[in-house]
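Encoded as structure tokens, the structure appears first; notes follow it.
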Amino acid sequence: MEVKDSILALKEGVLKKIEDVKTLDELNSLRVEILGKKGKLKEILKSLGKLPPEERKEIGKLANEIKEIVEKRLKEKEEAIKRSLLEKKLQGEKIDITLPPSWIDVGASHPVISTLVEISEIFIAMGFAVEEGPEVEYEEYNFDMLNIPKDHPARDMQDTFFLNNGMLLRTHTSPVQIRAMLKRKPPIAIIAPGRVYRKDADPTHSPMFHQIEGLLVDTDVTFRDLKGILKLFIEHVFGKDIPIRFRPSYFPFTEPSAEVDIGCTVCGGTGCRVCKGTGWLEILGCGMVDPNVFRAVNIDHEKYTGFAFGLGVERIAMLRYRISDIRILFENNMNFNLQFKGIR
Ligand code: FA5
């Protein structure tokens, strides 16, 4: 019974090895070593043919029993290793909820940007689409097509930064009106927020500032529509009690034209350096689109009318947050900027 002894010895050895295995890799190699095609058990089974029939039967039965036991132990060991790996992983992932949280320093939206976004949202809610235009602009779009020909005194109203290539830094967002009307057919309802540049610097004027242009072109657009929409927007930003006045004015691209002032919120209307003692601060220019502008963009001025406006975002931010000098908005002093954290 040489074979029987060696098979029993194999069983003992294998079970001991299974016992000692530490990793899944080791376990897999052991499985191959014993049960694989060239495994030890297979070899014994192959040699059965050389045995006498009664012995062959007994050894065969024994070998199958051992195979089952070994398979069962391998499976149990595999589960035990997996369980212990999972336990180790869970131990490592333990969260101590009593620890203080790590500090995340949250930034704040700049007051000019949050004002610009809030104003844009009011007009978007009324159905205006947002249009964009370049900050480096052609003289033609910034002036000529807006009915401000060369040598027209109105060009001096906006002191301009010219570039060497004959282009300029746009002085207002009105050229986006031209671009929109060249691109689209009426009805047109757009706003164009963006940066503009002028040689200007004092407590209420900055060389770079933001405007939001508005343009509505359709049949039967009237000055009454313009007034209604602007009043709605101002009351939305400043509340229903804010004093508003429309003052007749002049812009070459609108006729009639107006400027809108609101009661100075910095001094409450009594007069201060922001409102230059008048109790009012101008926030926007507006009017009905001049027929010459419609001609320049090939829109039939007999059929269509339109209104346009251009508002100063910094002025509105100053009045909204009672800031007395526009330059503070651009100093980027963190103590100032972070005061607006969470306001919007
Ligand atoms: C214009 O720029 C016209 N394009 C507005 C317009 C559009 C009129 C469409 C009619 C139809 P004005 O130069 O007044 O207009 O500027 C508009 C607003 O920008 C002013 O009311 C003011 O609020 C703001 N603003 C003007 N210059 C400065 C500046 N240097 N710094 C900050 N805000 C300014």
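A cysteine counts as unpartnered when no other cysteine's C-beta lies under 4.7 Å of its own; in the chain this applies to CYS286. So, R0 is 35 Å and r is the distance between the beta-carbons of ASP325 and ASP218; what FRET efficiency does that work out to, to 0.05? My answer for the efficiency is 0.30. DSSP finds beta bridges in the chain, and of those with both partners inside it, around 95 percent are antiparallel. When both the stretch 1-75 and the stretch 106-171 are represented by their alpha-carbon centers, they are found 87 Å apart. Note on LYS240: lysines with a C-alpha under 23 Å away, same-chain residues under 8 apart excluded, are LYS227, LYS231.
Loop-resident GluC sites (Glu not before Pro) (DSSP state other than H, G, I, E or B) in the stretch 214-316 with no more than 10 further Cβ atoms inside 10 Å of their Cβ: GLU302. Each residue of the stretch 131-142 is assigned a 3J(HN,Hα), and the resulting list reads 10, 10, x, x, 7, 8, 10, 6, 4, 4, 6, 6 Hz, derived from the Karplus form 6.51 cos²θ - 1.76 cosθ + 1.60 (θ = phi - 60°), x at Gly and Pro. As a proxy for reagent exposure, HIS110, HIS152 were ordered by neighbouring Cβ count within 10 angstrom, fewest first; the result is HIS152, HIS110. Within the listed set ASP290, ASP159, ASP241, the residue fluctuating most in the Gaussian network model of the chain (springs between alpha-carbon atoms under 10 angstrom) is ASP241.
Over the stretch 111-338, Cα pairs under 8 Å with separation of 6+ residues give a relative contact order of 22 percent. Ranked for footprinting exposure by Cβ neighbours inside 10 Å, fewest first, LEU169, LEU182, LEU90 give LEU90, LEU182, LEU169. Averaging the Cα positions of each part gives two centres, and for the stretch 222-239 and the stretch 300-331 these lie 13 Å apart. Going from the residue with the fewest nearby Cβ atoms within 10 Å to the one with the most, HIS210, HIS301 rank HIS301, HIS210.
Once the chain from ILE242 to MET208 is taken as fully extended at 0.36 nm per residue, the excess over their C-alpha distance is 9.5 nm.
Readers should treat all values here as calculations from the given coordinates under stated rules, not as data from a laboratory. Fair warning: this is a prediction, and the values are worked out from it, not measured in the lab. Note: ideal-geometry Cβ built from the backbone for every residue, glycine included; neighbour counts use all protein chains shown.
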